[in-house]
Amino acid sequence: MTNLTEGGRHQLLGLYDSPFVRRVAVTMHHYGIPFEHLSLSVFRHMDAMRPLNPLFKVPMLTLPSGEKLYESAYILDYLDELAVERGITALTPRSGPERRQIQQLMALAIVATEKAVAIEYERKRPGELQWSEWTKRLRGQMRQAFDMLEARLDSDFLVGGRLTQADITTVSGIGFVRYVLPHEWPDGDYPALARLVDRLESSPAFKAVPLDE
């Protein structure tokens with residue numbers, strides 16, 4: 001794995017049980033970018049988080065220069081740019097039809113992931129404040145996005161027969177569902193996606209980013 005940095009290290013803030021933090025960390029391992037992981041929760045570690053990230057928004061990537069980047073999509077764009085500068089094929093191409101394909105599949109994965117996160121937040125509300133119809137709507141949107149990804153996955157990877165950010169983002173989202181909301185991932189409903197998850201979760205980049213850290 002090529003080491004992309006010289007001198008200072010990057011610093012990634014956020015827990016790996018966040019699918020958005022995790023997709024950034026997996027991408028950094030895939031590209032061989034060394035980084036320090038600050039495993040802080042925006043809920044449980046507010047006092048420690050506040051001086052570092054008063055937005056309480058993760059992931060946050062601090063560059064060796066001290067510059068701070070927010071939002072996983074923009075962080076990934078930076079990481080792709082860094083990889084291309086070093087002659088490494090980007091997980092999302094910088095332009096062209098394949099870029100759009102990958103981005104649209106990433107969009108489906110993000111829809112599914114965001115709806116799953118919303119289900120978890122709703123589940124944490126006091127019972128008398130939970131709205132079952134809202135949860136049902138979120139579940140329907142999540143499963144529709146997974147249905148569309150399942151239909152698209154007719155080979156080992158989602159696009160072009162190679163690993164792309166669409167695969168990493170999808171597997172990170174499904175990992176969150178299976179870890180935090182296992183009852184929302186019915187066994188047997190998404191066999192192609194399940195095979196993709198099992199294969200990528202056993203890869204070095206994913207194994208380096210365990211969900212429980």
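The values are calculated or read from the model by the stated rules, or taken from the named source; none is laboratory data. Predicted model, so just to flag it, every value in this text is computed and none were measured. So basically every Cβ, Gly included, is an ideal-geometry build from the backbone, and we count neighbours across all protein chains shown. Quick note on the areas: whole protein, heavy atoms, side chains included, nothing else; ligands and nucleic acids left out. Shrake-Rupley method; radii C 1.70, N 1.55, O 1.52, S 1.80 Å.
Suppose all protein chains stay in the model; what accessible area per residue would a 1.4 Å probe give for the range 97-203, in Å²?
Numbers: 5480 Å² over 107 residues.
In whole numbers, the range 97-203 has 51 Å² accessible per residue.
Would you mind counting up the charge near VAL177? Only other residues with Cβ under 10 Å from its Cβ, with Lys and Arg at +1 and Asp and Glu at -1. Overall, the nearby charge balance is 0. Computed in the context of the full set of protein chains, the accessible area of the chain at 1.4 Å probe radius has 52% of its extent on carbon or sulfur.
Relative contact order of the range 10-86: what whole-number percent is it, with Cα pairs under 8 angstrom and at least 6 residues apart? Numbers along the way, then the final one.
Working: 100 pairs, mean separation 26.7, N = 77.
With pairs under 8 Å counted, the relative contact order is 35 percent.
In the chain, what is the count of Lys pairs whose alpha carbons are under 18 Å apart, counting only pairs at least 8 residues apart or on separate chains? Don't jump to the answer; show the numbers that get you there.
Numbers: LYS57/LYS68; LYS57/LYS115; LYS115/LYS124; LYS115/LYS136; LYS124/LYS136.
Counting lysine pairs in the chain gives 5.
When Rg and the Kirkwood radius Rh are both evaluated on Cα atoms of the range 146-197, their ratio Rg/Rh stands at 0.95. Note on TYR78 and SER203: the extension gain reaches 42.7 nm, defined as 0.36 nm multiplied by sequence separation minus the Cα-Cα distance.
How large is Rg/Rh for the range 63-114, to two decimals, with Cα atoms and a Kirkwood Rh?
Numbers: Rg = 12.6 Å, Rh = 12.3 Å.
Taking Rg over the Kirkwood Rh, I get 1.02.
Exposed loop sites here are chymotrypsin sites (Phe, Trp or Tyr not before Pro) assigned a DSSP state other than H, G, I, E or B and surrounded by at most 11 other beta carbons within 10 Å; excluding them, the longest clear run of the chain is 44-130.
Is the shape of the range 10-86 best called rounded, prolate or oblate, per the rule: a/c under 1.5 gives rounded, else a/b larger than b/c gives prolate, else oblate, with a ≥ b ≥ c the square roots of the Cα gyration tensor eigenvalues?
Values: a/c = 2.10, a/b = 1.71, b/c = 1.23.
Taking the square roots of the gyration eigenvalues as a ≥ b ≥ c, the range 10-86 is prolate.
With a cut-off of at most 16 other beta carbons within 10 Å, and DSSP calling the residue loop, which trypsin sites (Lys or Arg not before Pro) in the range 76-141 qualify? Please list them.
When the trypsin sites (Lys or Arg not before Pro) of the range 76-141 are filtered for loop state and at most 16 Cβ neighbours within 10 Å, ARG86, ARG94 remain.
To the nearest 10, the accessible area of LEU193 is 0 Å² with a 1.4 Å probe.
Annotation: the antiparallel percentage among DSSP beta bridges lying fully within the chain is about 65.
For the chain, what class follows from the C-alpha gyration tensor (a ≥ b ≥ c being the square roots of its eigenvalues): rounded when a/c is under 1.5, otherwise prolate if a/b is larger than b/c, else oblate?
Values: a/c = 1.96, a/b = 1.15, b/c = 1.70.
It is oblate, given that a/c is not under 1.5 and a/b is not larger than b/c.
Answer rounded, prolate or oblate for the range 28-144, using the Cα gyration tensor with square roots of eigenvalues a ≥ b ≥ c: rounded when a/c is under 1.5, else prolate when a/b is larger than b/c, else oblate. Can you show the working numbers first?
Values: a/c = 3.40, a/b = 1.32, b/c = 2.58.
Oblate is the answer for the range 28-144, as a/c is 1.5 or above yet b/c matches or exceeds a/b.
Just so you know, the averaged projected area of the alpha carbon convex hull for the range 97-203 sits at 6.6 nm². Among the GluC sites (Glu not before Pro) within the range 47-143, those in coil by DSSP and having at most 11 neighbouring Cβ atoms inside 10 Å are GLU67.
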